[in-house]
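Here is the structure we will look at.
The values are calculated or read from the model by the stated rules, or taken from the named source; none is laboratory data. Bear in mind that the values here come from a model prediction, so they are computed numbers and not experimental data. With ideal geometry, Cβ positions are generated from the backbone for all residues, glycine too; neighbour counts draw on all protein chains shown.
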Amino acid sequence: MTGSIHLEDVLVEVLLRDLIDLYGYDFTNYSRPSLKRRIARLMLLDNFSDFNRFEYRVRNDPQYFDRFVEQITVNVTEMFRDPLFYKTIREQVLPALAHHAGIRIWHAGCSTGEEVYSMAILLQEAGLLHKSLLFATDINPVVLEKVKTGIYPLSHIRQDTENYKQSGGAHDFSSYYSVHGDTVKFEETLCKKIILSTHNLASGHAFNKFHFILCRNVMIYFDKQLQERALKLFDESLEYLGFFALGSKETMKFATIRNRFKQVDDKEKIWRKINERS
């Protein structure tokens, strides 16, 4: 798809720098190959054959900039994605969190929120939702609106239900949502425990201390410098003996903070913070 549109590096760099001043969004440390693929895809979708016309629209039309952010940051997700990951949370993370008087969990780069609702269901089944708060953040305000509604396509429910069962779920998954035409809406007891906020991992700062932080399948789109910055931010935001999770293709192997963490499971990308300072 990118072969039909040539993006000159220098023009992309100028646009990214200007977006910081115009809108306060910093994409300068995003992986260039991934970023250029997504820009090229958006140009094709919206019939831009000339980068200058596309750049002018992004700069001068705030509504179109919202679309730009939505397309550049879009992530594929689903309920209980990677079921064994959630089974590990059930068996090894939640029992440890149960000892806290209040549980704070941060879903960084939450996208459309299926992961957040999956966590809320895990907490409810463990009897912990009543004392938990789930902070769901993303750079993209459009997807946060979707999280807020708790409404998702009915067409995804069959796969979601299968994932739920494989994660160790023993209840009737349909008890967590109601059907409305071709959509489902998750129950209010789950929604009311979710706190939404825009947050940019490229420029944002720590805003709380958490017992569990999840940032899955987000940092694969970052360059090494931004990955390191984000990991340091998560370390700063995580309580001692708190848990941290990444996506299946992500790692802390080369991070400067790696010695402060111990992997919980040989297969799943979940770590526990065992040292405050290395």
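Assorted remarks:
- Any hit, segment 53-60, residues being within 20 Å of V218 (Cβ to Cβ) and either assigned to a helix (DSSP H, G or I) or not charged (D, E, K, R) (or both): no
- Output for segment 17-35, where each listed residue is buried (at least 17 other Cβ atoms within 10 Å of the Cβ) and part of a helix (DSSP H, G or I): L19, L35
- Annotation note: Cβ proximity below 8 Å between a residue of segment 252-278 that is more than 17 Å from Y86 (Cβ to Cβ) and a residue that is loosely packed, with under 11 Cβ neighbours inside 10 Å and of a type in the set (S, T, Y) (sequence gap 6+ or interchain) occurs for I257/S278; N259/S278; R260/S278.
- Filter pass, Q92 being modelled with pLDDT under 95 and farther than 16 Å from F186 by Cβ: no
- Of all the criteria given as (1) among the polar types (S, T, N, Q); (2) touching a helix residue (DSSP H, G or I) at 6+ places or on another chain (Cβ under 9 Å); (3) touching a residue at least 60 places away in the same chain (Cβ under 8 Å), the one not satisfied by S174 is (3).
- Number of the exception - H107 against (1) touching a residue at least 24 places away in the same chain (Cβ under 8 Å); (2) part of a helix (DSSP H, G or I): (2)
- Failed item, numbered, when L190 is tested on (1) without any contact (Cβ under 8 Å) to a residue 60 or more places away in the chain; (2) under 14 Å from G113 (Cβ atoms): (1)
- The residues listed here are Y23, Y30; of these, the one that is outside the structural domain of K131 (by TED's automatic domain parsing), out of contact with any strand residue (DSSP E or B) (no Cβ under 8 Å at 6 or more places or on another chain), within 30 Å of L133 (Cβ to Cβ) and at pLDDT below 95 is Y23.
- Test: residue in segment 255-272 that is more than 19 Å from the chain's Cα centre (by Cα) and under 19 Å from S31 (Cα atoms): yes
- Of everything in segment 68-111 that is over 24 Å from L19 (Cβ atoms) and of a type in the set (G, A, S), the residue that is surrounded by the fewest Cβ atoms within 10 Å (Cβ to Cβ) is A101.
- Between F65, F54, F48, the distinction of being buried (at least 21 other Cβ atoms within 10 Å of the Cβ) and outside the structural domain of R229 (by TED's automatic domain parsing) belongs to F54 only.
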